[in-house]
Amino acid sequence: MTNDTSFHSVSLENIPSEESDKIQMTERELGFAKIVFGLPVEGPFDYRVPEGLKSSVEIGKRVWVNFGKRRLVGFVVGFARESDCDDVKNIEAVIDEYPLLDDKMLELTKWISQRYLCSWGQAIASALPAGLRHGKTQMQTRSAAVEDYDLEDCDEKSPTAHQSRALDEITRAIDKKASEVFLLHGITGSGKTEVYLQAIKKAKGVGRSSIVLVPEIALTPQTAERFKSRFGNENVFVFHSKMLDSQRFLLWHKIRSQKTAIVVGARSAIFSPVKNLGLIVIDEEHENTYKQEDAPRYNTKDVAIERARLQGACVILGSATPSIESYYSAQKKEFKLLKLPERIQQRGLPLVSVVDMRQQKRSKQRPEIFSFALEQEIGNALQKKEQVMLFLNRRGFSTFVHCRKCGHVISCKSCSVTLTFHKQSGKLVCHYCNNKTEPPSICPKCQSSYMGYFGIGTQRIENEVSRLFPEARIARMDTDALSKRDAHQKILSSFKKQQIDILIGTQMIAKGLDFPNVTLVGVVSADVSLNLPDFRSAERTFNLLTQVGGRAGRGQLKGRVIVQTYSPDHYAIESAKHHDYDEFYKKEIENRKCTDFPPFTNIINVTVRAKKQEKAKDAILELKNLVDSAKTDSEVEILGPSPCIVEKMRGQYRWSMLLRSRKIDESVNLLKKGLSKFKKPSGVYVAVDVDPL
Ligand code: ADP
Ligand code: ZN
Ligand code: ZN
C-alpha cells in the first residue's frame, strides 16, 4: 500500500472545464503558457514565456517554474495570448529539447483526469517514467541481472481452424485501420498467445507497433521471452519489474526512437511512446493488477481502449475467464467475441473433484485443514515424485461466520454480501451499508449450533503440511513470505528444477506458470474467496479455480484438482468443476442484475482516513451530506459510510462510502460538487476510486 493522494484540495473552479478544453494544442501564441503539475492541484496555471525562451517553449515539453514556494517540474499543455491572473511568474527554464508528449498523449491523459478524478498533471506524470517526472534529462545506468529463461518457443505454428478464424477478424481490422476491441475467450492452453504473436506479426508487416500487457511481468518471464524469440531481441522491448528507474528511462527513449516497436510490460507499459500504434494486447484481462492502486486509479483496460480509439488501433483482451464486464460488453456487441474452445492437440483438462467439508466435520476426527482425500492424494503424488501446489484463494484477512453443518454463511439482507466479524466490537458488519448484527449462535437455516468463525492463513497450512509430511520439501509463496525483492523468482526456479515438492501460496501462484511435473493442485478452501465481502466474490472464485486448475497436468502426466469447500453446491464451484464459463456467466449476470451491481451500474469508492477514528467518521459523514444535498434529480445512490474491512492501517482509521449509478458521469459530477464544498479538516485525507476492484 502506498500513500493516497488527497483530492480534497481541488475546488470546483479548478476542475478542467469547457474553457480549458478550448486550449489550443497546436497553435503557438507565445505570450503565456498553460502549465500543469504532477500534484493534486488542478490548473492549468498561467506562466509568462520570457523573450529568451520563446523559441524553445513547446506543448508537451517540461519546464522549471516556481509554484508557491517550491521549484517544480511543470508540463506545458497550451498557450494563451492573455492571462486573467495578476501575479504571473516567468518560466525559469525549458528542460526538454523535444516534446515528450504528443497531442494524442495529451488527450489521453486529459481523459484519464476527467474519468478518474485526478489532476491532468497527475495523469501526465503517471504516464512518464519516474526519472522524467522529476526533471531528469540524463541518467546513469547500472546493470541489473535479469534472469535468463529457456526459450521454448519454436517457430510459428500453423494455426488451428479456431485460431485462423480469430486471426482473420483481427487482421481485417488492422488492415482497415479500424479501432476494434476483440475479446479472445480461450481456455487455458488453447493457443491464445499464438494468436497474439501472429496478430503482432501482421501489424509489424504493415509498419505498425504493438503493446503487450501482462498482469505481472515478474511472474510471466516465459511469456516475455516467447515474444523475443519470435521477433528477435532487437525488435522487442521488455519492461521488467526488476529494472532500475534509469533503465526504464533509457528504454523509454529507445522505444521513442523506433519506427515500429513491440513493447511487453505490466500496466504502465500502456503509456509506451511507440510510433504507429496498431495493436494492444491485454493478456489475462480479468486480472486485478490492471487497476492502478494509487492516484490516478485508472483501469488499464479502459485506458487501452481509449488510446486505441484515439490512434485507430485494435485491442485484444485475452482470457480463459473473461471479466463479467468484458463478457457483457461482448454480448452487447461493443466488443467482438472470438472463441478458442479447445486445447491444442486435444490435451485434456484436469479432473476436478470437490470435497464437501461439511461431511468431514461430521466425522469429528479430522483436523480442520485437510480432508482425507486431499491428504491421501498429496501422499500419492509425493511417492511418485510428482509435484504439488496447495492453494488458499486469498490471504484470509477477513473472518466470516458460517454453519459447519449446512454451510450457510451469514450475509447482509440488503446488499447480499458476506458480513465480516469484527473482533473489537464482537459484531458482524456489512462493509457496504454498515448494517451491524450479533453473530448468531444457532444457524438460521438448519438450526444447528455448529456456528464457526472462518479464517485460515497460508502459515497455518504450511505448519500442517510439515506435520503430515515431514520429509517433503516445502515452500510458501505469499506477500508475507515475499517481502524480499527477488524471493519469488528464486522459489519459482527451484520449483521448476524440482528442488521443492510442495508449493503453498495465494492466488499469486495461479498466474500463467507452466510446470510439467505438477500433477496435483489442492484448493485448501474455496470458501475464503467465495465469502469475501465483495460483490465480485463468486467471479473471483470461479476465475481462481479455473486458473489454478490450469496449473495441473501441463505436461504428459494427467492433472488432478481437489477443491475443499463448505459450499459444494455454489454455482461458481459447480461451473468450475465442469470447466463451463458460459454456465457460470449466465448465473452471475442474473445475480448482478438482481442486486444492481456492475456491469448494470457504476461504482465510485470514496475513502477518508485520519489518525482519530471520530475524525475520519465525522469527515465522511460531512462529505456524504454534501454529496446528498447536491443531488437534485440525479439517480445516484449512496451506500454507507462504513469502516473499511481493514479499519485501521498504519496508524490511520479508514471509512468509506460507495456511489452507485447507471451513468458514471452522474456520479462523477455529483462527487465533484460535494468535494468542492467540502472543507477538509487538517489531518484528514480523501481518496477517490472510480470503478474500484
Ligand atoms: P494459451 O496462451 O491459450 O495458454 P499457448 O498459445 O501458450 O496457449 O499455446 C499452448 C501450447 O500450444 C504452446 O506450447 C504453443 O506453442 C502450442 N501451440 C499453440 N498454437 C499451436 C498450433 N496452432 N499448433 C501447434 N501448437 C500450438
Ligand atoms: Zn446450518
Ligand atoms: Zn449491507
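The values are calculated or read from the model by the stated rules, or taken from the named source; none is laboratory data. Note that this is a predicted model, so its numbers are computed, not measured. Don't worry about glycine lacking a Cβ; one is built from the backbone with ideal geometry, like all the others, and counts go over all protein chains shown.
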Residue in the range 377-398 that is at pLDDT 80 or above, surrounded by 19 or more Cβ atoms within 10 Å (Cβ to Cβ) and either hydroxyl-bearing (Ser, Thr, Tyr) or within 16 Å of ligand 2 (Cβ to nearest atom) (or both) present: no
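Taking the residues in the range 558-598 that are in a loop (DSSP other than H, G, I, E, B) and within 16 Å of ligand 1 (Cβ to nearest atom) as candidates, determine which candidate is modelled with the highest pLDDT. Full working, then the answer.
First, pick out the residues of the range 558-598 that are in a loop (DSSP other than H, G, I, E, B): 558-559, 566-570, 578-580, 596-598.
Those left that are additionally within 16 Å of ligand 1 (Cβ to nearest atom): 559, 579.
Numbers: Gly559: 84, His579: 90.
Here the residue is His579.
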Flag for Ile604 being surrounded by fewer than 19 Cβ atoms within 10 Å (Cβ to Cβ), within 23 Å of the chain's Cα centre (by Cα) and under 17 Å from Tyr432 (Cα atoms): no
Residue match in the range 686-693 (condition: under 23 Å from Lys427 (Cβ atoms), out of contact with any Asp or Glu (no Cβ under 8 Å at 6 or more places or on another chain) and in contact (Cβ under 8 Å) with a residue 24 or more places away in the chain): no
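Does the range 281-296 contain at least one residue that is assigned to a loop (DSSP other than H, G, I, E, B) and hydrophobic (A, V, I, L, M, F, W, C)?
Taking the range 281-296 first, the residues assigned to a loop (DSSP other than H, G, I, E, B) are 284-287, 292-296.
Restricting the remaining residues to those that are hydrophobic (A, V, I, L, M, F, W, C) gives 295.
For the range 281-296, residues assigned to a loop (DSSP other than H, G, I, E, B) and hydrophobic (A, V, I, L, M, F, W, C): present.
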The range 236-279: number of residues that are basic (Lys, Arg) and either assigned to a strand (DSSP E or B) or crowded, with 18+ Cβ neighbours inside 10 Å (or both): 2
Filtered residues of the range 153-207 (kept if part of a loop (DSSP other than H, G, I, E, B) and under 24 Å from the mean Cα position of the chain (by Cα)): Ser179, Glu180, Ile187, Thr188, Gly189, Ser190, Gly191
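Conditions tested, residue by residue: (1) within 12 Å of ligand 2 (Cβ to nearest atom); (2) at pLDDT 85 or above; (3) over 20 Å from Lys648 (Cβ atoms).
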| position | (1), (2), (3) |
| --- | --- |
| Lys413 | no, no, yes |
| Phe421 | no, no, no |
| Ser425 | no, no, no |
| Tyr432 | no, no, no |
| Lys436 | no, yes, no |
| Gln447 | yes, yes, yes |
| Tyr450 | yes, no, yes |
| Phe454 | no, no, yes |
| Thr458 | no, no, yes |
Members of the range 101-134 that are charged (D, E, K, R) and under 20 Å from Gln311 (Cβ atoms): Asp102, Asp103, Lys104, Glu107, Lys110, Arg115
Ile270 over 23 Å from Phe542 (Cα atoms), of a type outside the set (Lys, Arg) and free of Cβ contacts under 8 Å to residues at least 60 places away in the same chain: yes
Selection count, the range 433-463, where residues are within 16 Å of ligand 3 (Cβ to nearest atom), of a type in the set (S, T, N, Q) and within 16 Å of Cys403 (Cβ to Cβ): 1
Set Arg165, Arg208: member being away from ligand 3 (no atom under 16 Å from the Cβ), within 22 Å of Pro322 (Cβ to Cβ) and charged (D, E, K, R): Arg165
Leu277, sole failed condition from (1) within 18 Å of the chain's Cα centre (by Cα); (2) closer than 23 Å to Met105 by Cα: (1)
